[in-house]
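For reference, the structure discussed in these notes is given below.
The values are calculated or read from the model by the stated rules, or taken from the named source; none is laboratory data. Keep in mind it's a predicted model, so treat the numbers as computed, not measured. Glycine also receives a Cβ, built like all others from the backbone with ideal geometry; neighbour counts cover every protein chain displayed. Note: areas computed on protein heavy atoms with side chains; ligands, DNA, RNA excluded. Shrake-Rupley method; radii C 1.70, N 1.55, O 1.52, S 1.80 Å.
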Amino acid sequence: MDIPSKYNPAEVEDKWYKYWMDNKYFHSEPDDREPYTIVIPPPNVTGVLHMGHMLNNTIQDILVRRARMQGKNACWVPGTDHASIATEAKVVNKLKEEGVAKTDLSRDEFLGHAWDWTEKHGGIILEQLKKLGASCDWDRTCFTMDDERSEAVIDIFIDLHKKGLIYRGVRMVNWDPAAQTAVSDEEVIYKEEQSKLYYLRYKVEGTEDEWVTIATTRPETILGDTAVCINPNDERFTHLKGKKVIVPLVNRVVPIIEDEYVDMEFGTGCLKITPAHDINDYEIGLRHNLEVIDIFTDTGKLSEQAEMFVGEDRFEVRKLIVPELETAGNMVKIEDYNNKVGYSERTSVVIEPKLSAQWFLKMSELAKPALENVMNDEVEFHPKKFKNVYRHWMENIKDWCISRQLWWGHRIPVFYLENGEFVVAKTAEEALELAIEKTGNKELTVENLRQDEDVLDTWASSWLWPISVFNGVSEPDNEEINYYYPTNDLVTGHDIIFFWVARMIMAGYYNRDQFPFKNVYFTGMVRDKQRRKMSKSLGNSPDPLDLIAQYGADGVRIGMLFCSPAGGDLLFDESMPEQGRNFTSKIWNAFRLVKGWEVDENIEQPEYAKIGIEWFQARLSEVVTTMDDHFSKFRISDALMLVYTTVRDEFSSWLLEVVKPGYQQPIDGKTYAQVIDLFDQVLRLMHPFMPFITEEIWQLLTPRKEGESVMVAKWPEVKGENQQLVADFENLKEIISGIRTVRKENNIANKETLDLAVKPDEASYSKAFEAVLIKMGNLNELSIVEEEVKGAASFRVKASEFYIPLGDLVDTEAELKKMQEELQYTKGFLKGVEKKLSNERFVNNAPEKVVAIERKKQADAEAKIKVLEERIANLV
């Protein structure tokens, strides 16, 4: 077999991905096996792969591939999200570049452009995921605005409305002036900013020189003021009760009202009230029946109602109004001030609180089972710390504003009659029937109905995702939803715990009285070495496809996981995928070494090979047990590190070295077959993490039939652990390392044979491993002694002592100096331990286990000192 000297990921990855696809290994249909289901967090339909996607989908693929190897019917459903705000913004910008404004188009014309854009750019990210090795069932690819998903969204809206959970009302919402739509509280990102606090004075009506001073960060909003508020318990302002003040510049006379909301300690203790532009002011306005003056347009410019600066941008007016207030004598002072400002998550513009008629979903009842069943671990969060974050939000949940002033999305199924009444229906025809029934007017036609212009929040479709991908809303008792639902695991970022995770759990209990997934694994954010979030603007976000081209998909996959604890941020550095690539080279070289051996079936198996094989089989059983435990606790990085160190150290550096035949010598057939079998088992453990190289080697390791694949090979099982055997081999490793150290310190080549005398201790020396010790130590003679061998180089492993007579090769003075230095160090170490153990407070308060460890350190140090003193005495 002609095996290339270097592993070539580019050739291998495309070849095996096509093979997997051709053999339909990713595809799933309901059968009698146990299902294992994951639904992909649907990326934006027009998005491209970034590092966060890479991490998230690598973890999903690892879980799915392992489940498939465990014999489960693994189903990973892919798909994309229509992303109302983001996609509409891209289409608007594209049209703008072509000289077309959205306002120049009808709704249908605009949607035509949006669908064209989606069909042209949509799905690119899914093709990119294939390069990563994602084993999704691509036959099941869904889109949140395809027919089945759209029908589910509309059906749920109608159902919720019938049950009184959806209502329409004028409320204060978060308004995005760039997208010109309302957004939910969860779509507002608050940033700490250095602002200004403006102290303004309002003249008390009917007085010559009596003023009230207020403090605000938004002086432009005084144009919409309709009251000044004081706390009824504030004795400083008792004299102002019942009076009125004059709003600066516009000279509007407004009342001084009293409300305990006012913080007497903040600012001046007097609060300007602008009901149209602050949520708290709005609520005060409702309590006191205040006039509402909306001074902003939907685009964030000043409206006619402002009376001044009409048509100017809100932030420009903030600059322009200051000199006007100074000239009018109303500006008292300006101070620097740090405050939090809300930004739109989608467009990064400052959110404007705005009164608007919107559709809302009542959340309090929906939240109850979703909260209870996370807190009692029916739905388990990994890591657990996110339960508290979740609980805090769920206990303080507000009604969800589900309408958006956009065209791209699921249009709200509400139809208005000319008199303002409305009906809720799936189609215009159904709406007409309901309208005739409601009004008794049989003369009504579809032309008499007007459908609501708004669309639903994007999350109002993706909250149904685990159900709708199996058509479980429209056909709640179909075979697939009954088989695949609830899903097993969700892998997602903790930044969308409220947007998506919480809402899916609510939807699951509402629709099917069952959780949508058993486990939620939260990945951290991918950041650079300086802990900055990766972004194009900072230039710190590498193109994932470039990384795959440079380091191979396997190298990138494991490179990201080397330092990615659940819920913890991943600090990305290109040395990580480089380390991953180096590991693939290590595996490839091990494969080339094994396949390069000449096999002789007539040779008996050497004792050293038999022992080495037995040891690695026992060690592999331990590894499988520990890996299964890591997976059960979603310690994915720990599972990877375990298989990584097992392959790098135990398999390549120890097993292969133990069984390797002498130079230009053949290997016996039995050992070779056993090594091939163990290599096969190791490849299976590695496959979920590194699918491509493991498939390539597995296919070449031994003759395979067409249609066979490591990805459907059985996950390794525990075949009887032998802890004593493994522990004894660990001692053997230390002995061999001791021999190698003696060689290194005395410049003795590895090809030179040595004699080794052992003064054994039963607990740390096993005669069963002597054949391995002789081979790995390149020993001429191995003898057991009862006394110390004088004049020999020596070392100790636990309580066993080892002597290597070196004759004239040993430098007695150097050996003596080395032992004296070691003696001095050990005595100092013992002194520190004894000091700690003489501290009654430590002994009485420290955990029993910790004290026991210190006592063992003391005993080991005392034994070592005794041995060193005896050796020094022998050399002097």
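Below are the figures for this structure:
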{"read-out": "Count of residues meeting criterion [loosely packed, with under 15 Cβ neighbours inside 10 Å and in contact with a Gly (Cβ under 9 Å, 6 or more places away or on another chain)] in the range 11-37", "value": "2"}
{"read-out": "Helices (runs of 4 or more DSSP H) wholly inside the range 550-664 that include at least 2 residues being of a type outside the set (Ser, Thr, Tyr) and open to solvent by 10 Å² or more (accessible area, probe 1.4 Å)", "value": "575-595, 607-632, 636-645"}
{"read-out": "Criterion: of a type in the set (A, V, I, L, M), part of a loop (DSSP other than H, G, I, E, B) and crowded, with 19+ Cβ neighbours inside 10 Å - qualifying residue of Ile293, Ile321, Ile257, Ile284", "value": "Ile293"}
{"read-out": "Ile189 vs. criteria surrounded by fewer than 18 Cβ atoms within 10 Å (Cβ to Cβ), in contact (Cβ under 8 Å) with a residue 24 or more places away in the chain and either part of a loop (DSSP other than H, G, I, E, B) or among the β-branched types (Val, Ile, Thr) (or both)", "value": "yes"}
{"read-out": "Selected residue (criterion: farthest from the chain's Cα centre (by Cα)) from residues of the range 151-183 that are buried (at least 21 other Cβ atoms within 10 Å of the Cβ) and not hydrophobic (A, V, I, L, M, F, W, C)", "value": "Pro177"}
{"read-out": "Test set (1) in a helix (DSSP H, G or I); (2) surrounded by 20 or more Cβ atoms within 10 Å (Cβ to Cβ); (3) in contact (Cβ under 8 Å) with a residue 24 or more places away in the chain - Trp698 fails condition number", "value": "(3)"}
{"read-out": "When residues of the range 308-317 are limited to those that are farther than 11 Å from Phe296 by Cα and open to solvent by 60 Å² or more (accessible area, probe 1.4 Å), the one farthest from the chain's Cα centre (by Cα)", "value": "Glu316"}
{"read-out": "The range 196-211: number of residues that are farther than 16 Å from Glu326 by Cα and surrounded by 16 or more Cβ atoms within 10 Å (Cβ to Cβ)", "value": "1"}
{"read-out": "Ala852 being open to solvent by 30 Å² or more (accessible area, probe 1.4 Å) and either more than 50 Å from the chain's Cα centre (by Cα) or closer than 30 Å to Leu655 by Cβ (or both)", "value": "no"}
{"read-out": "Qualifying strands (runs of 3 or more DSSP E) (wholly inside the range 743-827; at least 3 residues being open to solvent by 20 Å² or more (accessible area, probe 1.4 Å) and within 26 Å of Lys866 (Cα to Cα))", "value": "779-784"}
{"read-out": "Residue that is more than 12 Å from Tyr202 (Cα to Cα) and open to solvent by 50 Å² or more (accessible area, probe 1.4 Å), where the choices are Thr274, Thr268, Thr299", "value": "Thr299"}
{"read-out": "Selected residue (only one of Lys733, Lys719, Lys714 is under 44 Å from the mean Cα position of the chain (by Cα), among the basic types (Lys, Arg) and open to solvent by less than 60 Å² (accessible area, probe 1.4 Å))", "value": "Lys733"}
{"read-out": "Qualifying residue in the range 38-52 (condition: surrounded by 14 or more Cβ atoms within 10 Å (Cβ to Cβ), of a type outside the set (Ser, Thr, Tyr) and either more than 24 Å from the chain's Cα centre (by Cα) or part of a helix (DSSP H, G or I) (or both))", "value": "yes"}
{"read-out": "Where a residue in the range 849-865 is touching a residue at least 40 places away in the same chain (Cβ under 8 Å) and its partner, wherever it lies, is open to solvent by less than 40 Å² (accessible area, probe 1.4 Å), with Cβ under 8 Å and at least six apart", "value": "Lys864/Thr826; Ile865/Leu823; Ile865/Thr826; Ile865/Leu830"}
{"read-out": "Considering residues of the range 409-429 that are open to solvent by 50 Å² or more (accessible area, probe 1.4 Å), of a type outside the set (Lys, Arg) and outside any loop (DSSP other than H, G, I, E, B) only, the residue nearest to Gly164 (Cα to Cα)", "value": "Phe422"}
{"read-out": "Filtered residues of the range 430-469 (kept if assigned to a loop (DSSP other than H, G, I, E, B) and buried (at least 19 other Cβ atoms within 10 Å of the Cβ))", "value": "Leu449, Asp454, Asp457, Thr458, Trp463, Leu464, Val469"}
{"read-out": "Restricting the range 347-392 to residues that are open to solvent by 60 Å² or more (accessible area, probe 1.4 Å), under 20 Å from the mean Cα position of the chain (by Cα) and in contact (Cβ under 8 Å) with a residue 40 or more places away in the chain, the residue that is nearest to Asn511 (Cα to Cα)", "value": "Val389"}
{"read-out": "Those residues of the range 701-711 which are among the β-branched types (Val, Ile, Thr) and either over 30 Å from Gly555 (Cα atoms) or open to solvent by less than 10 Å² (accessible area, probe 1.4 Å) (or both), in sequence order", "value": "Val710"}
{"read-out": "Test for Leu678: is it crowded, with 17+ Cβ neighbours inside 10 Å and touching a Phe, Trp or Tyr at 6+ places or on another chain (Cβ under 7 Å)", "value": "yes"}
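To keep it simple, each residue is scored yes or no on (1) out of contact with any helix residue (DSSP H, G or I) (no Cβ under 6 Å at 6 or more places or on another chain); (2) over 23 Å from Ile481 (Cβ atoms); (3) at pLDDT below 95.
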position	(1), (2), (3)
Lys96	yes, yes, yes
Glu109	yes, yes, no
Thr118	yes, yes, yes
Ile124	yes, yes, yes
Gln128	yes, yes, yes
Phe143	yes, no, no
